[in-house]
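A.B. asks: I'd like to ask you about the structure that follows.
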Amino acid sequence: MFRLGTAILFFLVSGSHLAHAELDREVELKAERLSLRLDPQLFSSIALSHQNLQRIDLETSEPREDASLHVRGRIGTSFWGGQGELYGTFGAIKKSQSLKVIQKRPYLELDLYPWISPFGQIAIYQMLHLPFAESDYNPDYGLPSQQGSIYTIGLAPTFLLPIKFDWFNFHGKVGADIWTRLYSREQVVLAEHASQDALSLIVRDEVAESSATMQAIAKLGFAISPLYLKRAVFSVTSYIKMTHYPYYDLDEQGRLNDRYKVKKESYHRVELDYAIATRIVLSNDFYYHYTGFFSGRTRGAEPALRNIMRVTYHL
């Protein structure tokens, strides 16, 4: 039976699935998800969420809303005394003002936790996104190079500082999530990752991406649970994301050259979780997105604000 204390710790200190850019919006941060350490070893859940995005138009500077309904299922098993988990995740999306239901990209994941304690954990994870051809909802899925299998490997250390006060429990948290990807298909070089003269050479010679992109997210925050309402958790966390990607230009001899550049993003998250029963958890996440290190609100295709209301049932 899924224990209430474990469920609260999982949803409270760890948080729910977190969105970043495009494909990463479907992937949980391991620094956000503590080991379940379940008894019995099999576990499964289904989550229903309503996501509302607000984007700032580049030309008019006016906000525009984008709402969608998400269903996510998960089934897996824990082993190695709770320090290993193998599970699959699948789901679907329905956009507002549309009758079309779009399949989410399914993936399999193996998580290993060589160190777990009340003061944190270290997670080593491997994720296999299965081949996928749907391109209507997510721009990343529309690229031929993104429609094959995608293998992700990452490392996520998380450190906790638990303190008990007279009327509430406090958890300070600091962590990071670092990952890179390999692909079953050749990756095309994106236009924003090359100079204009290099781009014409890339298109003419059909040059494929040859250097891996590495992404890293650092977080700092806290979570509070009142002693008189132990099933409720309130948390505030700040994140900084850095994407190291190859940038292509021409050297003095006119030959194609690649060097790494860094794209910086950041966001705050305010989260409230409440376990209304042993197996049912309600949550609401609110995100504020920025460019750089909290230097300005995000504009264009990226969301400036994001609100996710979710109910999760553990089977």
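All of the numbers you see were taken from the coordinates with simple rules; none came from a lab. Just so it is clear, the model here is predicted, and its values are computed rather than measured. As a convention, Cβ positions derive from the backbone with ideal geometry for all residues, glycine included, and neighbour counts pool all protein chains shown.
A.B. asks: Quick one: length gained pulling Ser238 to Leu220 fully straight, 0.36 nm per residue minus the C-alpha distance? Walk me through the numbers before you get to the answer.
C.D. replies: Details: separation 18, 0.36 × 18 = 6.48 nm, distance 0.55 nm.
Here the answer is 5.9 nm.
A.B. asks: Classify region 164-315 from the C-alpha gyration tensor, please: rounded if a/c falls under 1.5, else prolate or oblate depending on whether a/b exceeds b/c.
C.D. replies: Values: a/c = 3.13, a/b = 2.63, b/c = 1.19.
It is prolate, given that a/c is not under 1.5 and a/b is the larger ratio.
A.B. asks: Also, quick follow-up: Taking the Cα-to-Cβ direction at Leu48 and at Phe79 and moving 7 Å from each Cα, how far apart do the two end points lie in nm?
C.D. replies: Between Leu48 and Phe79, the label points sit 3.4 nm apart.
A.B. asks: A further question follows. Given the pairs Lys104/Lys164; Lys219/Lys261; Lys95/Lys241, which span a C-alpha to C-alpha distance of over 31 angstrom in this model? Display every interim value, and only then the final one.
C.D. replies: Numbers: Lys104/Lys164 40 Å; Lys219/Lys261 22 Å; Lys95/Lys241 27 Å.
The pairs that break the limit, which is 31 Å between Cα atoms, are Lys104/Lys164.
A.B. asks: Say each of Phe168 and Asn257 gets a label point 7 Å from the Cα, pointing the same way as Cα to Cβ; how far apart are those two points in nm?
C.D. replies: The modelled label-to-label distance comes out at 5.4 nm.
A.B. asks: Loop-only check: which GluC sites (Glu not before Pro) in region 240-281 are DSSP coil with at most 10 other Cβ within 10 angstrom?
C.D. replies: Values: sites: Glu252, Glu265, Glu271; in loops: Glu252.
Answer in residue order: Glu252.
A.B. asks: While we're looking at this one, here's another question. Which whole-number percentage describes the relative contact order of region 41-314, with Cα contacts under 8 Å and a sequence gap of 6 or more?
C.D. replies: Details: 688 pairs, mean separation 42.9, N = 274.
Across region 41-314, relative contact order equals 16 percent.
A.B. asks: Per-residue counts of other Cβ atoms within 10 Å, averaged by peptide: what ranking do you get for 111-119, 153-161, highest first?
C.D. replies: Details: 111-119: 14.4, 153-161: 18.0.
Packing proxy ranking, top to bottom: 153-161, 111-119.
A.B. asks: Next up: Once phi is turned into θ = phi - 60°, what whole-Hz ³J(HN,Hα) does the Karplus curve with 6.51, -1.76 and 1.60 give for every residue of region 162-167, x standing for Gly and Pro?
C.D. replies: Result, ordered by residue: x, 9, 9, 9, 4, 10 Hz.
A.B. asks: Tally Lys/Arg at +1 and Asp/Glu at -1 over every other residue whose Cβ is under 15 Å from the Cβ of Val311; what's the total?
C.D. replies: Values: positive: Arg72, Arg74, Arg231, Arg279, Arg310; negative: Glu271, Asp273, Asp285.
Within the 15 Å Cβ shell, the charges total +2.
A.B. asks: Find how much the distance from Lys100 to Leu229 grows on full extension, using 0.36 nm per residue of separation minus their present alpha carbon separation; answer in nm with one decimal. If you can, show how the numbers build up before the last one.
C.D. replies: Values: separation 129, 0.36 × 129 = 46.44 nm, distance 4.04 nm.
In short, 42.4 nm is gained.
A.B. asks: Here's another thing I want to ask about it. With the radius of gyration and the Kirkwood radius both derived from the Cα set of region 41-314, what is their ratio Rg to Rh? Walk me through the intermediate numbers first.
C.D. replies: Numbers: Rg = 21.0 Å, Rh = 21.3 Å.
That ratio is 0.99, to two decimals.
A.B. asks: Something else: Pop out the ³J(HN,Hα) list for region 46-61 in order, Karplus 6.51 cos²θ - 1.76 cosθ + 1.60 with θ = phi - 60°, rounded to Hz; leave Gly and Pro as x.
C.D. replies: 9, 10, 10, 9, 10, 10, 10, 10, 10, 10, 9, 5, 5, 7, 9, 6
A.B. asks: Give the calculated FRET efficiency between Thr60 and Ser210 to the nearest 0.05, with a Förster radius of 35 Å applied to their Cβ-Cβ distance.
C.D. replies: Working: r = 39 Å, r/R0 = 1.12.
Computed FRET efficiency for Thr60 and Ser210 comes out at 0.35.
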